[in-house]
Amino acid sequence: MRTPVMAFLAGTATALSVQLAVAETIYVSNELDNTISVINAETLAVVATVPVGRRPRGLALGRDGRSLYVAAGDDNRIDLVDLATRETTGHLPSGEDPEVFAVHPDGKRLFVANENDNLVSVLDISRRRLIGEVEVGVEPEGMAVSPDGKFVLCTSETTSMVHIIDAATLALVDNILVDTRPRWAAMSPDNQQIWVSSEIRGTVTVIDAATHLEIGKIGFEVPGVDRQLVQAVGFAINRAGTRAYVALGPSNRVAEVDARTFRVERLYLVGQRVWHLALSADEKRLYTANGNSSDVTVIDLEKQEPVASIGVGRGPWGVAVGP
Amino acid sequence: MTRTIVLAAATALLAAGWLAPGWAADRKMVVIGFVGLERPLPSRVGPLDESPVDEGVAGARLGIADNRTTGKFIGQDFRLEERRLGSASEVSEAVHQLASMGIRFTIVDLPAPALLAASAAAEQAGMTILNAGATDDRLRGADCRRNVFHLAPSRAMLADGLAQYLAWKKWRRWLLVVGSGEGDRLLAAALRRAADRFGAEIVGERAWTFRPGQGRSDTGHVVLQAEVPRFTRSSDYDVLVVADEEDVFGAFLEGRTDSPRPIAGTHGLVATAWSPVAELWGATQLQGRFRGLTQRWMTARDYAAWMAARSIGEAATRTRSTDPATIAAHLGAAEFLLAAFKGEGLTFRPWDHQLRQPILIAGPRLLVSVSPQEGFLQQGNRLDSLGVAKEETTCGLQ
């Protein structure tokens, strides 16, 4: 898999080689292999494979910059991976069946979706103790904390709602009905909008964070692909709040959306059943985890095309980017 | 007990519009009926089999629990009113009784004639029937009813799902083995139709007429070892397709057929709406919830009843209404979409009220495939290559 990539890189203009020389590391959770693939973003080579707990899905970097948190759903815990040694050094309690979690901007608390128990658990990271839980809808999945740290978002898949939780009091502020089987949620960088993807309806709904009213709905069409297979799953919004990138699941595409007009600008062909994605630190690249083809697609956002495909473990699900 | 009576009374009052919406802790109640027959404890074919007494209704109970979790965020509540009858002759009376309580949606797990009786009794009360048991094609064809929605797949859908997979495998020559039950005869008809549609040839057909249930006696295996090879002797075929809905003899075939050929149908590679081996598309979560509730595996019957309860919940959530007419209208509307762990949203066919759904091809321990298969996709909805399409329907709903 690496050979064509390297050949491609070697045969490309110097400017591009420089641009691709990104000193960062990509972490991918392999749901079926119980591992994390560690990829050097400069060479696009898998440089380590770290064994973690069973059914790893959600993952995120700690605010200390030294550890990676990995939700091991079947082991009911969050594993801690040391970024320097690339070894699992311990774990945090998570409640049952953690799937996705979000770290509060203050780095002290972590909010976990417990998919089997219809709960969001709140974890005190330094004390390694659960300090609260919030009852939400059936099969909580997507988790996010607003950049200002005031609100926690949780989507419940079978209930089809986004739950807004006050991060300080843990009170449910509102429960907003969205399109069927919502998978992922995020607050826009300016804290003004709530974005939620719907897997089965294949849409992204944009909600005003102040009024809680819908202000936009993004639909997707992929020529030659059945409408039912165009499903919206993970997404990422850039820091400026101008662009959003939406993984379209079994249609094997990622959509680039103008985050101001909600217009779909273009589609990128990626690997099979793309789950989640992450932007590089310089936001010039997008990395996607493709569950069925067991690879990661690298999209060059300046050239506006996929430039590499990297084989990882079986069932890649989540992606995180670190230094 | 007191609570039940109070709730029932409140429901009747609510249905009659006598209570302000703010009553009952601000949650408006939707009561869903369930009518099934008490089944004799199934005799287990093999020692590993489970023999649930709550098959079907347990799925409806889980659907209600899911609805309640969702409902608490928008002021809705759900309850199941169960009727398990000793005889099909009691169906009309049971439906009338549920209707008199103000119930306007009833999930039924009944054979076709009893379902039609339920539909007729429901008609007068403006009640909608959700079929979670009967797979009969006539209920989606000549005997279709406007007030019935079908969550269970039809036999034609199951047969087409299997035939597509066998066609994909290029296992085109079938030996068809049919049991003596009415359902077996109907499934065989659906399989013949499917063979025709997807280019298979039925090279031989056998009717199983042996006495049932000897597989586990001390000498049972000796008898079967002699009987089954004789029974399955045939000109060459690729796959033995078995129609044995009541699980009378299908399990005896594996490992004993005259030629070493795979077995498919109701046994072996099973075409079904649901199976304990389903784990794709988040199905693990549904399986886990069901097992937590019942300590057993979820069957296709449980799954259909779960979908029935969830359909009502979904319609109530989407319309933000507990008004029966509003909910019923949403079930029949183009926007209706049910998420049921099949990888895509499920909708009702307007021409016969059948829920479109992928059909699993399940092995004994793992999922083998899911139909429709690539290459058989229809114009319009990809799921319409399974079962009776709009052009072929004999149902006059549209």
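The values are calculated or read from the model by the stated rules, or taken from the named source; none is laboratory data. These figures come from a predicted structure and were not determined experimentally. Backbone-built Cβ (ideal geometry, glycine too); neighbour counts: all protein chains shown. Remember, those area values only see protein heavy atoms, side chains included, never the ligands or the DNA or RNA. Shrake-Rupley method; radii C 1.70, N 1.55, O 1.52, S 1.80 Å.
Name every cysteine in the protein assembly as shown that ends up alone, with no second cysteine's Cβ under 4.7 Å, or say none.
A:C154 - these cysteines have no disulfide-compatible partner (Cβ-Cβ under 4.7 Å) in the protein assembly as shown.
Under 1.5 on a/c is rounded, so check that first for region B:87-240, then, if it is not, pick prolate when a/b is larger than b/c and oblate when it is not; a ≥ b ≥ c are the square roots of the alpha carbon gyration tensor eigenvalues.
Oblate shape, in that a/c is at least 1.5 and b/c is the bigger or equal ratio.
In a GNM of chain A with a 10 Å cut-off on Cα contacts, which of A:S197, A:S146, A:S94 has the highest mean-square fluctuation?
A:S146
Per residue of B:277-284, how many C-beta atoms from partner chains lie within 10 Å of its own C-beta, taken as a mean?
2
Quick one: length gained pulling A:D64 to A:E302 fully straight, 0.36 nm per residue minus the C-alpha distance? It would help to have the intermediate numbers written out before the result.
Working: separation 238, 0.36 × 238 = 85.68 nm, distance 3.05 nm.
Using 0.36 nm per residue and subtracting the Cα-Cα distance, I get 82.6 nm.
Within region A:154-229, report the GluC sites (Glu not before Pro) that DSSP leaves as loop and that have at most 16 other Cβ atoms within 10 Å.
A:E221
Which length gain, in nm to one decimal place, applies between B:E374 and B:D236 when the Cα-Cα distance is subtracted from 0.36 nm times their residue separation?
Taking 0.36 nm per residue and subtracting the Cα distance, the gain is 46.9 nm.
In whole Hz, what ³J(HN,Hα) sequence does region A:185-197 give by Karplus (6.51, -1.76, 1.60; θ = phi - 60°), x for Gly and Pro?
So the J values, rounded to whole Hz, are 9, 7, 9, 5, x, 8, 6, 8, 10, 10, 10, 9, 9.
For region B:267-395, calculate the relative contact order in percent as a whole number, restricting contacts to Cα pairs under 8 Å that are 6 or more residues apart.
With pairs under 8 Å counted, the relative contact order is 27 percent.
Please determine, in degrees from 0 to 90 and to the nearest 10, the orientation of helix B:57-71 with respect to the longest principal axis defined by the Cα atoms of chain B, where the helix direction is its Cα long axis.
Once rounded, the angle reads 40 degrees.
So who's got an amide H within less than 5 Å of the one on A:A259, skipping anything under 5 residues away but keeping other chains? H placed 1.01 Å off N, in plane.
A:R243, A:A244
Quick check: pseudo-label points 7 Å beyond the Cα along Cα→Cβ at A:E221 and B:D49, how many nm apart are they?
Those two pseudo-labels are separated by 5.2 nm.
Rounded to the nearest 5, what % of the DSSP beta bridges within the protein assembly as shown are antiparallel ones?
Roughly 75 percent of the beta bridges in the protein assembly as shown run antiparallel, per DSSP.
Who wins for biggest fluctuation among A:E265, A:E305, A:E99 in a Gaussian network model of chain A, springs between alpha carbons below 10 Å?
Looking only at A:E265, A:E305, A:E99, the largest GNM fluctuation is found for A:E265.
Among rounded, prolate and oblate, which fits region B:157-272 when a ≥ b ≥ c are the square roots of the eigenvalues of its C-alpha gyration tensor, a/c under 1.5 means rounded, and a/b larger than b/c means prolate?
Here region B:157-272 falls in the prolate category.
Taking every DSSP beta bridge that has both residues in chain B, what percent is antiparallel when rounded to the nearest 5?
On the way: 9 of 47 bridges.
So the antiparallel bridges amount to about 20 percent of the total.
Find how much the distance from B:W168 to B:Q295 grows on full extension, using 0.36 nm per residue of separation minus their present alpha carbon separation; answer in nm with one decimal.
Result for the pair: 42.1 nm of gain on full extension.
Please report, largest first and rounded to whole Å, the three semi-axes of the ellipsoid equivalent to chain B, where each semi-axis is the square root of five times an eigenvalue of the C-alpha gyration tensor.
39, 23, 19
Could you derive backbone 3J(HN,Hα) for region A:255-267 from the dihedral phi with the Karplus parameters 6.51, -1.76 and 1.60 (θ = phi - 60°), listing whole Hz in sequence and x where the residue is Gly or Pro?
9, 9, 10, 6, 6, 9, 9, 6, 8, 7, 8, 6, 10
Taking only C-alpha pairs under 8 Å that are 6+ residues apart, what is the relative contact order of chain B in percent? It would help to have the intermediate numbers written out before the result.
Numbers: 755 pairs, mean separation 75.9, N = 398.
It comes to 19 percent, rounded to a whole number.
Ignoring everything but the protein chains, give the 1.4 Å probe accessible area of B:H330 in square angstrom, nearest 10.
Accessible area, nearest 10 Å²: 20 Å².
How big is the gap, in Å, between the Cα center of region B:135-204 and the Cα center of region B:43-70?
Distance between centres, Cα-based: 25 Å.
Could you compute how much accessible surface B:K28 exposes when probed at 1.4 Å, giving the result in Å² to the nearest 10?
80
Given a 1.4 angstrom probe, I'd like the percentage of the accessible area of region B:321-398 that is carbon and sulfur, rounded to a whole number.
52
Which residue fluctuates most in the GNM of chain B (Cα springs below 10 Å): B:N67, B:N131, B:N147?
B:N147
Quick one: order A:R63, A:R181 from most to least accessible surface, probe 1.4 Å.
A:R63, A:R181
Ignoring ligands, DNA and RNA, what percent of the 1.4 Å accessible area of region A:263-306 is carbon and sulfur?
On region A:263-306, the fraction of accessible area on carbon and sulfur atoms equals 40 percent.
Put +1 on the Cβ of every Lys and Arg and -1 on every Asp and Glu Cβ in region B:321-398; which of B:V368, B:N381, B:I327 then has its Cα farthest towards the positive end of the dipole?
The one lying farthest along the dipole's positive direction is B:V368.
What nm distance separates the two modelled labels at B:S87 and A:I131, each placed 7 Å from Cα along Cα→Cβ?
For the pair B:S87/A:I131, the computed spacing is 6.7 nm.
Applying a 10 Å radius around every beta-carbon, put A:112-122, A:252-262 in order of their mean neighbour count, most first.
A:112-122, A:252-262
Shape of chain A from its Cα gyration tensor (a ≥ b ≥ c, root eigenvalues): rounded if a/c is under 1.5, otherwise prolate when a/b > b/c, or oblate?
In terms of gyration-tensor shape, oblate.
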